[in-house]
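This report concerns only the one structure given below.
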Amino acid sequence: MNQRIVLIHATPLAVEPINQAFADQWPEAEISNLLDDALSVDRRKVTMLTDRLFKRIDSLVNYAANIDAGAVLFTCSAFGEAIDASAAKNTMPVLKPNEAMFEAALAKGKHIVMLATFAPAVAGMEAEFHELVRKGYRDATLTSVLVEGARDALEQGDAERHNQLIVQAAREHTEADAILLAHFSMAIAWEQAQSAVNCPVLSSPHAAVSKLKILMTH
C-alpha cells in the first residue's frame, strides 16, 4: 500500500498539531499537507453542509488520490457527512478527524464530555458519535461544552488564553469517563488539560495517527 498520507486542512490552526503528532508517534510516515482555509470561512456562513461544500470535499479527496495518497485524513471537524460521502467512493482510507478519538473514548467508559471551540462543528460531531454508539459500541452519553472565546483567542495568536479557557472547562467536568478536545487546533492544550484533571483527556491528532498507523502498517 502506498504510504503517503495526505492531510487536508480547513484552517491553518490544525496544521501544526497533526504534524507534531506524526513527528511524535510515527516520524517515518510520508506526510503531505493540503490547506484550503476558505473552507472554514464558508462553513461558518451556513448552518448545513451545502452541495457545493460536498463537491469541494470530493475535489480535495480526488486531488489527494492524484498525488498518490495511500490515505487521507481531514483535520477539520465540521465536514463529517461530506467526508463520509467521499470515503464511500474511494478504496483508500478517507478518515474523518474524530473517528479514532470517539472509538478511543468509548473504550474508556459511558460518560463522555466533549469540549469544543468551533460551534458549527458540534452538531455533526454529536451525530457521528451517536452513529458509532448505534453501530454496536456500548451505551454512552456525550455532553458537548462550547468553550466561549477560546477559538477567538487562538486566532488572535493568544495560545495561552486559549489553553487556559480549555483547562478551566476541563476542571468543571472531572466526573467524566473521558474528556475530548473536539478539534485538532485544541491539541496544543492537551498536556495542560490532562495534568489539570484525573480522568483521561483525548485529542484527535494523537488518536488519528494511532489509527492510521494500524491501518497502514498491518
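Among the candidates Met125, Met114, single out the residue that is assigned to a strand (DSSP E or B) and crowded, with 18+ Cβ neighbours inside 10 Å.
Answer to the check: Met114.
Which count do you get for residues in segment 143-158 that are of a type outside the set (Asp, Glu) and farther than 24 Å from Ala176 by Cβ? Before you say what the answer is, go through the steps one by one.
Our first condition is that a residue be of a type outside the set (Asp, Glu); within segment 143-158, this holds for 143-147, 149-151, 153-154, 156-157.
Of the ones still in play, those that are also farther than 24 Å from Ala176 by Cβ are 156-157.
Count: 2.
Mind checking which pairs have a first residue in segment 112-123 that is among the aromatic types (Phe, Trp, Tyr) and a second that is in a helix (DSSP H, G or I), Cβ under 6 Å, 6 or more apart or different chains?
Here the result reads Phe118/Arg151, each pair linking segment 112-123 to a residue that is in a helix (DSSP H, G or I).
Restricting attention to segment 63-81, and to residues there that are more than 20 Å from Pro12 (Cβ to Cβ) and either modelled with pLDDT under 95 or touching a strand residue (DSSP E or B) at 6+ places or on another chain (Cβ under 6 Å) (or both), which single residue is most open to solvent (accessible area, probe 1.4 Å)?
Glu81
Quick check, is Ala104 open to solvent by 10 Å² or more (accessible area, probe 1.4 Å), in contact (Cβ under 8 Å) with a residue 12 or more places away in the chain and closer than 24 Å to Ser185 by Cβ?
On the way: open to solvent by 10 Å² or more (accessible area, probe 1.4 Å): yes; in contact (Cβ under 8 Å) with a residue 12 or more places away in the chain: yes; closer than 24 Å to Ser185 by Cβ: yes.
Yes; evaluated as a whole, the condition is true for this residue.
Would you check if Ala10 is surrounded by 20 or more Cβ atoms within 10 Å (Cβ to Cβ) and over 27 Å from Thr217 (Cβ atoms)?
Considered against the rule, which asks whether it is surrounded by 20 or more Cβ atoms within 10 Å (Cβ to Cβ) and over 27 Å from Thr217 (Cβ atoms), Ala10 comes out as yes.
Among Thr143, Thr217, which is the only one that is modelled with pLDDT under 95, open to solvent by 30 Å² or more (accessible area, probe 1.4 Å) and among the hydroxyl-bearing types (Ser, Thr, Tyr)? Give the steps one after another, and end with the answer.
Numbers: Thr143 fails: modelled with pLDDT under 95.
Of Thr143, Thr217, the one residue that is modelled with pLDDT under 95, open to solvent by 30 Å² or more (accessible area, probe 1.4 Å) and among the hydroxyl-bearing types (Ser, Thr, Tyr) is Thr217.
Here are the criteria: (1) surrounded by fewer than 18 Cβ atoms within 10 Å (Cβ to Cβ); (2) in contact with a Ser or Thr (Cβ under 8 Å, 6 or more places away or on another chain); (3) of a type outside the set (Val, Ile, Thr). Tell me which single one Arg138 does not satisfy.
Arg138 satisfies all of (1) surrounded by fewer than 18 Cβ atoms within 10 Å (Cβ to Cβ); (2) in contact with a Ser or Thr (Cβ under 8 Å, 6 or more places away or on another chain); (3) of a type outside the set (Val, Ile, Thr) except (2).
Which members of segment 164-190 meet the condition of being under 17 Å from the mean Cα position of the chain (by Cα) and open to solvent by 70 Å² or more (accessible area, probe 1.4 Å)?
Ile188, Trp190
Can you name every residue in segment 23-47 that is surrounded by 15 or more Cβ atoms within 10 Å (Cβ to Cβ), touching a strand residue (DSSP E or B) at 6+ places or on another chain (Cβ under 6 Å) and more than 22 Å from Gly80 (Cβ to Cβ)?
Scanning segment 23-47 gives Ala29, Ile31.
Output the residues belonging to segment 57-89 that are more than 24 Å from Ala207 (Cβ to Cβ) and among the charged types (D, E, K, R).
Those that are more than 24 Å from Ala207 (Cβ to Cβ) and among the charged types (D, E, K, R): Asp58, Asp68, Lys89.
Checking the structure you have, find out if any residue of segment 79-96 is of a type in the set (Ser, Thr, Tyr), under 27 Å from Ala29 (Cα atoms) and touching a residue at least 40 places away in the same chain (Cβ under 8 Å).
no
The values are calculated or read from the model by the stated rules, or taken from the named source; none is laboratory data. The shown structure was predicted, so the numbers you read here are calculated from the model rather than taken from an experiment. Cβ coordinates were reconstructed from backbone atoms using ideal geometry, including for glycine residues, and neighbour counts include every protein chain displayed. Heads up: the accessible areas ignore ligands, DNA and RNA and are worked out on the full protein's heavy atoms, side chains in. Shrake-Rupley method; radii C 1.70, N 1.55, O 1.52, S 1.80 Å.
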